[in-house]
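The values are calculated or read from the model by the stated rules, or taken from the named source; none is laboratory data. What you are looking at is a predicted structure, and each value in this text was computed from that prediction instead of being measured. Methodologically, a virtual Cβ is constructed for each residue, glycine included, from the backbone with ideal geometry; neighbour enumeration extends over all protein chains shown.
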Amino acid sequence: PDACDKVGGVIIMHIDDLRKFALYWLLKTQEVRADTEHYATNITGDIYQSGWISEMYGYSFGAAELNLRHRIDGSIMMYPGYVPQSGVNYRVFHYGLEFKVGNWTFDKAQWRFIDLVNKCWAKFPDPPDPSTLDRTNDDFYQRDLLSIECAKTLNEALHLHHKRRNCPDPNSLTTMIQDATTKEKISSKFRKIIEGNKRSSPDEINGLQQSLSPPSDHLFSSYRFWIVVLWVVSFAGFLVLMAAVFSGSKRRKTKVKHHKSKKRSSYSGSFDVNGRNAEISDKR
């Protein structure tokens, strides 16, 4: 152990050195991972005792055997939850362990089986607002600020990811319709369970979990398509109706005009006849 440098979080090396070392690094990692008898926390420091940091030990052991030396720089990487050095602008957050800010906690291991990538607008719980932090102890205050920054950065990255996937606007009408439908389904399932006075089976639990999951992109696309179709049909119907109204109005105007013209002609003929009759009477 004395021959090993305390490294493993972030390694920066020349590509030529990596090419020479990569296969040996893999070999030592496989040896460490196969040594399950030494997974204990008091030996490896792995609180999960699952060998999931074997590649770090594999790197350190392999580098020691090849006599690779390192320049350790504490200003590159920071663990959220640790007190930072004053004036250091860290480049990497290594959120490998649980960290806390007040009653809020974050542990990435708890999210291993939750798909935040493919479910639209899924994200981690929001951290506290920095304005709520206790500033009595500056070290703890700076520690909590970095922890909040780490959590906010993760959620911002997820938001950008969902936006690039063209996830629908969560405030749109289709989302509200889907939410209402989902809530009704969940309520119905819970009512059935309560009324039946029985425990939830694994299939029912799985069904509830699926109901709680965000709506799929395909469903939103289908809703959007039919809304567009409905809008187009409504607009076309409106145009047809307006055309019919204007056409009917034009025909009525033409008919009235023709009737008035005919009436004038009738009056004119009557006057002529009367006039001729008058002339005849005078001659007589």
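Residues that are closer than 28 Å to Glu98 by Cβ and of a type in the set (Asp, Glu) within segment 9-66 comprise Asp35, Glu37, Asp46, Glu55, listed in sequence order.
Take segment 103-119 and flag every residue that is acidic (Asp, Glu) and closer than 13 Å to Ala151 by Cβ. Within segment 103-119, just Asp107 meets the criteria.
Take the conditions in the same structural domain as Glu149 (by TED's automatic domain parsing) and either closer than 29 Å to Leu145 by Cβ or modelled with pLDDT under 85 (or both) and apply them to Lys100. Does it pass? Let's see the steps before the verdict.
Numbers: in the same structural domain as Glu149 (by TED's automatic domain parsing): yes; either closer than 29 Å to Leu145 by Cβ or modelled with pLDDT under 85 (or both): yes.
Spelling it out, Lys100 is indeed in the same structural domain as Glu149 (by TED's automatic domain parsing) and either closer than 29 Å to Leu145 by Cβ or modelled with pLDDT under 85 (or both).
Name the residues in segment 123-160 that are assigned to a loop (DSSP other than H, G, I, E, B) and not aliphatic (A, V, I, L, M), would you?
Here is the first cut: in segment 123-160, the ones assigned to a loop (DSSP other than H, G, I, E, B) are 123-129, 133-137.
Result: Lys123, Phe124, Pro125, Asp126, Pro127, Pro128, Asp129, Asp134, Arg135, Thr136, Asn137.
Taking every residue in segment 82-93 that is modelled with pLDDT of 90 or more and pairing it with any residue that is of a type in the set (D, E, K, R), at least 6 positions away or on another chain, the pairs with Cβ-Cβ distances below 6 Å are Val83/Asp139; Val83/Arg143.
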